Structures are given as structure tokens and as C-alpha cells.
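Enquirer: Structure provided below as C-alpha cells; questions to follow.
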Amino acid sequence: MHHTVKNLLDIENNIKTHLNELNVNNNPKIVAVSKTFKIDKVLPLIEHGHINYGENKVQEAVEKWTEIKKKNSKVRLHMIGKLQTNKVKFAVQIFDYIHSVDSEKLAKKIADEQNKINRKIKIFLQVNIGDEYQKSGVNKKDVQKLVYYCKEIGLDLIGLMCIPPINVDPENYFGEMNELNKSLDLSELSMGMSSDFLVAAKYFSTYVRIGSSIFGKRS
């Protein structure tokens, strides 16, 4: 068995065991964050049948995944990085999910471009849950307004996403995100990375974004 597949299975088991102990009924999907890794590093996971992959650059995703997605219709690609409006028309052609929508301008551009090619991308709104001035994401108090706007322009909005502040216990942030998501009646929640996915799973994250714990350190 290839080491990346073994790593993935270990993570799936860790999550199951952890949630069983806490008596929490949740089964999050793992987005294998393949950004910066060449496709040959990713192929063993694809062959194993893993479906969800994360990239943070549009150009890299197009070059890496266009052929694979033609051959394998099950693969789902997640845009987890900051998306510039001038890249949206390329992004909507290759991505199935965009996790990083944080403004009306970006939302509108996605709606316009996906309508041209008759695709429906699944959308997460990125929330700046730690109120960090340097970080992307919509402010908590503006989330509801952006949710309404996305629905108004016909986006398939499925949930919220966050990246909590580094080196702080993420527990409270994840708890708050879960409450916010429920209050907005959204079904999916994108949070948790290699360092904190178990905590995120406890707070009902439905998509955890894991790179280094699967693929190893980036060179």
C-alpha cells in the first residue's frame, strides 16, 4: 500500500475513533490538499478511490487536473486558496467547490461566469472568525448579508469556511462557526487542517482540508 493511502486511512480511523469516544455523530469528508505536489504523488490516492482534492492556485489546478477529470468523473476539485476575480472564469471550469468566497464582488463574478458555461459550483463563504486584520474572509457581522446576496444571485451556497488564528486553541472558534452555520441553516462546514482536524470534526465540520499529514512536508 502506498504511504499516502496509508496516511489517509490512518486519518479516517483517527477521526472515527475520536468521534466515537466523544459520542459525536459526524463523518467529515477529507479534502486531500494536493497543492504544490506533482500529480504522480496524488495518483495512488485517486487509484484508491479518494474523491476530494484541494488546490489553491487556478493555473496549477488547470494544468494538473484537466486530463484526470476527463478520465475520472468522480473526482471533485476544491478551490481553497484566495481567488482573484480575474481568475474566476478559469476556476469555474475546473473546480467543483470554492471554499474562499468573501465578497459580493467575487460572488457576482462566479455567478456570471458559471452561468455562461451552465455549471453550478458549490460555494462556501470564508469567515474571518478570529477578526484578524491581515486575513481574508468576511466579518462575522456581515455574513448574513452576504448569504442573502449569494442566494439572490443564484449561487449554490452550501456552508461556511474558516481558518482560525494560528497558535491559539481553535476550539472556541470552531464552536462559534458551528453555531453560525446552524443559525444560517447551511448544511456543510469547511474547517480543520492537519494540526486541528480532530477538534474541527467534533464541532461538525463536514470537510476537513488535510495536506501535509497525507502527502508529507512540502519541499
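The values are calculated or read from the model by the stated rules, or taken from the named source; none is laboratory data. On a predicted model such as this, the values are computed, not experimentally measured, just so you know. Note: ideal-geometry Cβ built from the backbone for every residue, glycine included; neighbour counts use all protein chains shown.
Enquirer: Any idea how many residues of the stretch 9-41 are farther than 15 Å from residue 191 by Cβ and touching a strand residue (DSSP E or B) at 6+ places or on another chain (Cβ under 8 Å)?
Expert: Here the count works out to 5.
Enquirer: Take residue 86 and decide whether it is under 30 Å from residue 153 (Cα atoms) and outside any strand (DSSP E or B).
Expert: Yes, satisfied.
Enquirer: In addition: Please go through the stretch 130-156 and give me each residue that is more than 23 Å from residue 108 (Cα to Cα) and either touching a residue at least 24 places away in the same chain (Cβ under 8 Å) or in a strand (DSSP E or B) (or both), ordered by number.
Expert: Once the filter is applied, which keeps residues that are more than 23 Å from residue 108 (Cα to Cα) and either touching a residue at least 24 places away in the same chain (Cβ under 8 Å) or in a strand (DSSP E or B) (or both), the stretch 130-156 yields 130, 132.
Enquirer: Residue check, residue 159 against (1) out of contact with any helix residue (DSSP H, G or I) (no Cβ under 8 Å at 6 or more places or on another chain); (2) small (Gly, Ala, Ser); (3) assigned to a strand (DSSP E or B), all met but one. Which one?
Expert: (1)
Enquirer: Then there is this: Filter the stretch 51-73 for residues that are without any contact (Cβ under 8 Å) to a residue 24 or more places away in the chain and within 21 Å of residue 4 (Cβ to Cβ) and give the result.
Expert: Within the stretch 51-73, 63, 67, 71 meet the criteria.
Enquirer: For the stretch 12-41, give me each residue that is at pLDDT 95 or above and either of a type in the set (D, E, K, R) or touching a Ser or Thr at 6+ places or on another chain (Cβ under 6 Å) (or both).
Expert: Within the stretch 12-41, 12, 16, 21, 28, 29 meet the criteria.
Enquirer: Before we move on, is residue 110 free of Cβ contacts under 8 Å to residues at least 40 places away in the same chain, β-branched (Val, Ile, Thr) and either in a helix (DSSP H, G or I) or surrounded by 16 or more Cβ atoms within 10 Å (Cβ to Cβ) (or both)?
Expert: No; evaluated as a whole, the condition is false for this residue.
Enquirer: Among the residues of the stretch 38-46, are any among the aliphatic types (A, V, I, L, M), more than 18 Å from residue 5 (Cα to Cα) and touching a helix residue (DSSP H, G or I) at 6+ places or on another chain (Cβ under 8 Å)?
Expert: Looking for residues that are among the aliphatic types (A, V, I, L, M), more than 18 Å from residue 5 (Cα to Cα) and touching a helix residue (DSSP H, G or I) at 6+ places or on another chain (Cβ under 8 Å), one finds none in the stretch 38-46, hence no.
Enquirer: Which numbered condition in (1) over 25 Å from residue 128 (Cβ atoms); (2) at pLDDT 95 or above is the only one that residue 72 fails?
Expert: (2)
Enquirer: Same structure, new question: Identify, by number, the condition in (1) under 21 Å from residue 33 (Cβ atoms); (2) modelled with pLDDT of 95 or more; (3) out of contact with any Leu (no Cβ under 9 Å at 6 or more places or on another chain); (4) among the hydrophobic types (A, V, I, L, M, F, W, C) that residue 155 doesn't meet.
Expert: Here residue 155 meets the rest and fails (1).
Enquirer: Among the residues of the stretch 164-192, write down those that are assigned to a loop (DSSP other than H, G, I, E, B), in contact (Cβ under 8 Å) with a residue 40 or more places away in the chain and at negative phi.
Expert: Answer for the stretch 164-192, where residues must be assigned to a loop (DSSP other than H, G, I, E, B), in contact (Cβ under 8 Å) with a residue 40 or more places away in the chain and at negative phi: just 184.
Enquirer: Output yes when any residue across the stretch 131-148 is aliphatic (A, V, I, L, M), within 27 Å of residue 45 (Cα to Cα) and at pLDDT 95 or above, and no when none is.
Expert: The answer is no, given that none of the residues of the stretch 131-148 is aliphatic (A, V, I, L, M), within 27 Å of residue 45 (Cα to Cα) and at pLDDT 95 or above.
Enquirer: Looking only at the stretch 1-11, filter to residues that are surrounded by fewer than 16 Cβ atoms within 10 Å (Cβ to Cβ) and touching a His at 6+ places or on another chain (Cβ under 9 Å); which one of those is modelled with the lowest pLDDT?
Expert: 1
Enquirer: Still on this model: Of all residues in the stretch 159-218, which are charged (D, E, K, R) and under 14 Å from the mean Cα position of the chain (by Cα)?
Expert: 188, 209
Enquirer: Residue 195 - would you say it is farther than 24 Å from residue 89 by Cβ, assigned to a loop (DSSP other than H, G, I, E, B), free of Cβ contacts under 8 Å to residues at least 40 places away in the same chain and of a type in the set (Ser, Thr, Tyr)?
Expert: Criteria met by residue 195.
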